[in-house]
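First comes the structure, then the notes that go with it.
Every number in this text was worked out from the coordinates using simple rules, so none of it is lab data. Everything numeric in this text was worked out from a predicted model, so none of it was measured. Cβ: placed from backbone, ideal geometry, glycine included. Neighbour counts: every protein chain shown.
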């Protein structure tokens with residue numbers, strides 16, 4: 001079991017049977033002391049990710065419109081869709097995740113090319129850290145079914161395989177070679193197994209998001225906050241971008257997604273009505289960080305997922 005992985009003593013809601021209730025345990029903090037970003041530049045200086053390897057539409061073959069949206073999971077226990085170009089969130093419904101009498105805390109999520117959300121829920125064990133279970137969630141109705149994928153998991157995201165347009169893999173941050181190490185882990189959705197890839201080179205908490213041109217990225221809760229590309233074979237970080245102008249979130253309220261060539265960060269500094277999630281956009285093409293993109297959206301985001309059907313460059 002990962003020590004203190006994404007855990008805190010905040011007063012946060014828990015998904016219990018078909019409704020959300022309050023609990024004294026929750027979500028995300030680093031494995032160890034956060035590692036600093038390599039380039040401590042102002043604003044969003046640092047890496048250059050380029051535009052990827054696919055054109056605007058080649059990764060969208062056979063994709064439904066629902067698969068091109070971003071989906072977010074709220075601290076309040078609801079699933080929403082997000083259209084970044086329109087700056088619009090749409091509530092889909094409350095999660096209806098059940099597994100006997102167990103109480104669950106929402107941790108993170110990812111979305112596949114069929115617009116199915118894979119949501120990581122952590123059992124509220126009362127004392128200490130409970131086991132994580134991934135649920136399959138219908139993004140049209142928010143109804144969910146438990147899988148047999150269980151263990152210690154955190155951030156997650158899909159990425160296409162070798163820039164292919166229709167084959168993808170789900171990656172999560174999970175337990176490494178020892179209980180004290182975190183690792184990049186690949187999920188076998190057919191056999192419902194966790195397959196460790198490589199231990200992380202740094203002790204840092206992070207979220208994941210992937211792209212339709214085969215890349216994987218991490219939102220690093222480091223000092224300062226940072227964005228980096230994640231090597232899918234070695235877990236190494238590269239092209240790190242320091243996000244020094246981005247507010248430091250209060251765990252578990254941080255997530256991010258890639259859409260249309262840009263990155264969207266969802267952060268909140270508290271659980272109250274006056275500190276709901278802010279959305280910040282980072283644009284690699286000009287290295288601009290727009291902290292005023294959306295402010296105080298009215299709820300608190302703890303997870304975000306976007307499928308590899310999402311555009312890799314800005315739609316025209």
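Convex hull volume of the Cα atoms of the stretch 250-316, normalised per residue: 91 Å³. Put a dot 7 Å past the Cα of residue 316, heading toward its Cβ, do the same for residue 285, and the two dots end up 1.1 nm apart. Look at the Cα gyration tensor of the stretch 184-226: its axes a ≥ b ≥ c give a/c of at least 1.5 with a/b at or below b/c, and that counts as oblate.
The ranking of 220, 289 from fewest to most other beta carbons within 10 Å of each one's beta carbon is 289, 220. Given R0 = 51 Å, the distance between the Cβ atoms of residue 162 and residue 274 translates into a calculated FRET efficiency of 0.65. This ranking places 282, 266, 293 by how few other beta-carbon atoms lie within 10 Å of each, fewest first, which gives 293, 282, 266.
Summarising the label geometry, the points placed 7 Å from Cα in the beta-carbon direction at residue 86 and residue 188 lie 4.1 nm from one another. The ranking of 205, 262, 199, 162 from fewest to most other beta carbons within 10 Å of each one's beta carbon is 162, 199, 262, 205. With 0.36 nm allotted per residue and the present C-alpha distance subtracted, the residue 181-residue 203 stretch has 7.1 nm of extension available. Calculate the tail of P(r) for the stretch 96-249: the fraction of all Cα-Cα distances greater than 28 Å, expressed in %. The share of Cα pairs beyond 28 Å in the stretch 96-249 comes to 20 percent.
Full extension of the segment from residue 147 to residue 231, taken as 0.36 nm per residue of separation minus the current Cα-Cα distance, would add 27.5 nm.
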